[in-house]
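Take a look at the structure set out below.
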Amino acid sequence: MEAGEGKERVLKQRQVLLFFVLLGMAQAGSKPRHYSVAEEMESGSFVANLLKDLGLEVDQLAARGPQVVSKGKKMRLHLDRQTGDLLLNEKLDREELCGPIEPCVLPFQVLFENPLQFFQAELRIRDINDHSPVFLDKEIILKISESITPGTAFLIERAQDLDAGSNSLQSYTVSPNSHFHLKLQDSSDGVILPQLVLNKALDREEQPEIMLTLTALDGGTPPRSGTALVRIEVLDINDNAPEFAELLYEVQVPENSPIGSQVALVSARDLDIGAYGEITYVFSQASEDIRKTFQINAKSGELLLRQKLDFESIQNYTLNIQATDGGGLSGSCVVFVQVIDLNDNPPELTMSTLIKEIPENLQETIIAVFSVSDPDSGDNGRMVCSTQDDLPFFLKPSVENFYTLVTNRALDRETRAEYNITITVTDLGAPRLKTEHNITLMVSDVNDNAPAFTQTAYTLFVRENNSPALHIGSVSATDRDAGANAQVTYSLLPPQDPQLPLASLVSINADNGQLFALRALDYEALRVLEFGVGAVDRGSPALSSQALVRVLVLDANDNSPFVLYPLQNGSAPCTELVPRAAEPGYLVSKVVAVDGDSGQNAWLSYQLLKATEPGLFSVWAHNGEVRTARLLSERDAAKHRLLVLVKDNGEPPLSASVTLHVLLVDGFSQPYLPLPEAAADAAQADPLTVYLVIALASVSSLFLFSVLAFIAVRLCKRGRRASLGSCSVPEGHFPGHLVDVSGSGTLSQSYQYEVCLTGDPGTGEFKFLKPIFPNLLVQDTEREIKDNPNCRNSFVFS
């Protein structure tokens, strides 16, 4: 496969070589035929019919196998074998194929194969006017001095035209003007050269530049043209001085303009150009302030700010500026700079008088006197002063921007002791600026508040028998004032009862109000202690207040029960008679006892500790009644001794004991009642006689005792009315809690007993015991009974 392809390539190469050899031979021995076609014809356009020139018929042409060959790779022509027409394969561009060469001829050959024959021909491409004249430079610049004399010619660049013959460039024209005319000159190679000839002198200051339009025309139909701009620059001579556009520039510059900002732009015009027209700007006759504040760009004339402007210092500047050209000619102008005031200065407050502390309760007091100012102008310098609305102060305007700060009411230090006052001064500029001045005002104290106790009445509790100097409580008073006006001193007020020794009972700490009991208190002697305390401050004048203190003495179990009946006074014991016929539960006697304490400390209970014959008698625990526990018999001993214990309910409990003598009798007809020893002897001698005597004596004694008691009650009532009597009421009092004889237990605190004794101690008879009102105090019972040792066992309870 590869060997076959190689052979084919070698064969083709040989054929091509042979073809060129034959082509050269044909060209050497024949003359070419000439054909023509216009350029830019469309592809497939007809050029010529070659049958006649070839001497062939149509059917012979196809058999000969003709083909058109030419130099180069492009086949621009081809032969139609059916008609013999020579046709264009593509558009032909004469300028591309031949350039400026005229005529433009394209040689080609027609090759016949059977037999081999060459037909030599040439195709002339006719030019059409398809290109316009073109200037290589669209703008042609000529520099001509204004001193050049008229008549001088200036050669300018010619135009180019790709077309040839009559279609090529033929003439030039120039736009109408008064300074130049066009002159055409033929060169040695036949090229037309355009020249501009100066008609009159140029004046650069009048017309520094002249613009002309140069038109090139070809000879085509219709003719084509091309144009170029001819710019004539008139060169200057220094015949003009710089001139400012304005002799006076007026500018306004805000005072807050940053350094380096443009203030103004001055511009001087010099009709000259070049070095003669180059202007330099400088200050003329400028002061030091101007040179420090402004600077000018020597080339551009830009006036720049060198340092900050301050309207409050300088309101305007006048600057002289000089412009000098390169030839030494100069001109000048004036720049008037007006500084525009901005609200760049906050108001200023100057304090003339300031009071930092004032007493309270003063009306309309001047606190401060001050003035305000603002260096700005207009609304920027107008000011408004104000303070906080929630403070008791107001500003009172005066003259020359002076103000006074005044209180609008009396100040109360106890409500507010310190005021932070802010005076705000605001101008009316945009934006508004303000200044704040802070004043701290202290309100000094006036002694206008009395000490106030935390309570109007204090109740304190202390248990009796306390140790001396015991802290029992405190009172407290506060004073809303300050300093010495708030220092409180406590004291005891004189008691309403002048006989109450308050100073020996209670003391108070003058500095802190602590209360102390100076001595041991006795509940039974003093249950409630009421007194007043005072609190006085150290102001001038001093103010004070009072409070009531109520000290309640709490009871302690410090009193043992005291037996009222039967009396234990060391005399002959009282003997209770009990008939042997008594039923069980018979009331033999009742132990009556009292306790000086109160509450549960005074609750008494009774207990039979010891008896001659246990089980025969019993004691009721709550009322002290001694009763028989069973029926009596002849076997029971006639004489009995009972030991009864009386105990209170305190902690720890206290107690007392009492001995009862009980004599069992057959009846109450016995005439007398012997002593226990005598009775024992008599009973042994004659028991029946003894019983009769005892019974008879008992009945008689009971009757006599009743009569005497009735008489004594009457006499005591009468004596009490007359403050005199036959019975004396002992001083002092019995303890508050007595035994209830009704059998219901301990007596109420509302009952006390009045004991009346006969004036004659020899009789030794105890007349009566009677309840009286609780507010009557009696002497200590035990002492009274000891003072009357002849008490018998006859008691009447009512």
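The values are calculated or read from the model by the stated rules, or taken from the named source; none is laboratory data. From a predicted model like this one, the values you see are computed outputs, not experimental measurements. Reconstructed Cβ throughout: ideal geometry from the backbone, glycine too, with neighbour counts over all protein chains shown. Please note that ligands, DNA and RNA were not included when accessible areas were found on the heavy atoms of the full protein model with its side chains. Shrake-Rupley method; radii C 1.70, N 1.55, O 1.52, S 1.80 Å.
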### Leading residue by the ranking (modelled with the lowest pLDDT) among those in segment 187-231 that are of a type in the set (Val, Ile, Thr) and open to solvent by 50 Å² or more (accessible area, probe 1.4 Å)
THR221
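Quick one: which residue in LEU526, LEU543 is open to solvent by 30 Å² or more (accessible area, probe 1.4 Å) and more than 60 Å from the chain's Cα centre (by Cα)? So that I can check it myself, show each step before the final result.
Details: LEU543 fails: more than 60 Å from the chain's Cα centre (by Cα).
Matching residue, one of LEU526, LEU543: LEU526.
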#### Entry: Spans of strands (runs of 3 or more DSSP E) in segment 36-140 with at least 3 residues open to solvent by 50 Å² or more (accessible area, probe 1.4 Å)
117-126
### Task
Filter segment 365-407 down to residues that are small (Gly, Ala, Ser) and out of contact with any Leu (no Cβ under 6 Å at 6 or more places or on another chain) and give me whichever is most open to solvent (accessible area, probe 1.4 Å).
SER398
### Query
What single numbered condition from (1) part of a loop (DSSP other than H, G, I, E, B); (2) in contact with a Gly (Cβ under 7 Å, 6 or more places away or on another chain) fails to hold for ALA542?
(2)
### Message
Which condition from (1) in a loop (DSSP other than H, G, I, E, B); (2) closer than 21 Å to GLU464 by Cα; (3) not acidic (Asp, Glu) is the one that ASN512 breaks?
### Response
(2)
### Message
Could you tell me how many of the residues in segment 600-620 are touching an Asp or Glu at 6+ places or on another chain (Cβ under 6 Å) and hydroxyl-bearing (Ser, Thr, Tyr)?
### Response
0
### Task
Can you confirm whether segment 401-411 contains a residue that is under 32 Å from the mean Cα position of the chain (by Cα) and either in contact (Cβ under 8 Å) with a residue 60 or more places away in the chain or more than 22 Å from ASN361 (Cβ to Cβ) (or both)?
no
### Summary
The lone condition THR415 fails out of (1) assigned to a loop (DSSP other than H, G, I, E, B); (2) touching a residue at least 40 places away in the same chain (Cβ under 8 Å); (3) among the polar types (S, T, N, Q) is (2)
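Across segment 557-566, what is the number of residues that are part of a loop (DSSP other than H, G, I, E, B), open to solvent by less than 20 Å² (accessible area, probe 1.4 Å) and in contact with a Phe, Trp or Tyr (Cβ under 9 Å, 6 or more places away or on another chain)? Break it down into steps so the answer makes sense when it comes.
Here is the first cut: in segment 557-566, the residues part of a loop (DSSP other than H, G, I, E, B) are 557-561, 566.
Restricting the remaining residues to those that are open to solvent by less than 20 Å² (accessible area, probe 1.4 Å) gives 561, 566.
Pick out the ones that are also in contact with a Phe, Trp or Tyr (Cβ under 9 Å, 6 or more places away or on another chain) and you get 566.
Of the residues in that region, 1 qualify.
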### Query
within 52 Å of the chain's Cα centre (by Cα) and either surrounded by fewer than 18 Cβ atoms within 10 Å (Cβ to Cβ) or assigned by the TED database to the domain that holds ASN380 (or both) - does that describe any residue in segment 262-273?
yes
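Suppose we keep only residues that are hydroxyl-bearing (Ser, Thr, Tyr) and touching a strand residue (DSSP E or B) at 6+ places or on another chain (Cβ under 6 Å) within segment 479-518. Which one would you say is surrounded by the most Cβ atoms within 10 Å (Cβ to Cβ)?
Of the residues in segment 479-518, the ones hydroxyl-bearing (Ser, Thr, Tyr) are 489-491, 504, 507.
Retained after the next criterion (residues that are touching a strand residue (DSSP E or B) at 6+ places or on another chain (Cβ under 6 Å)): 489-491, 507.
On the way: THR489: 18, TYR490: 23, SER491: 13, SER507: 15.
Among them, the one singled out is TYR490.
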### Query
Which one of these does PHE154 not meet: (1) exposed (fewer than 13 other Cβ atoms within 10 Å of the Cβ); (2) part of a strand (DSSP E or B)?
(1)
### Task
Run LEU548 past the list (1) over 58 Å from the mean Cα position of the chain (by Cα); (2) open to solvent by 70 Å² or more (accessible area, probe 1.4 Å); (3) aliphatic (A, V, I, L, M) and report the number of the one that doesn't hold.
(1)
### Message
Condition (residue is in contact with a Pro (Cβ under 8 Å, 6 or more places away or on another chain), modelled with pLDDT of 85 or more, surrounded by 14 or more Cβ atoms within 10 Å (Cβ to Cβ) and assigned to a loop (DSSP other than H, G, I, E, B)) applied to segment 666-688: is it met by at least one residue?
### Response
no
#### Entry: Any chance LEU502 is at pLDDT below 95 and touching a helix residue (DSSP H, G or I) at 6+ places or on another chain (Cβ under 7 Å)
no
### Query
What about TYR281, is it of a type in the set (Phe, Trp, Tyr), surrounded by 14 or more Cβ atoms within 10 Å (Cβ to Cβ) and modelled with pLDDT of 90 or more?
yes
### Summary
Here the qualifying pairs (Cβ atoms under 7 Å; residues six or more apart or on different chains; first in segment 197-209 and closer than 10 Å to HIS181 by Cα; second charged (D, E, K, R)) come out as VAL197/LYS183
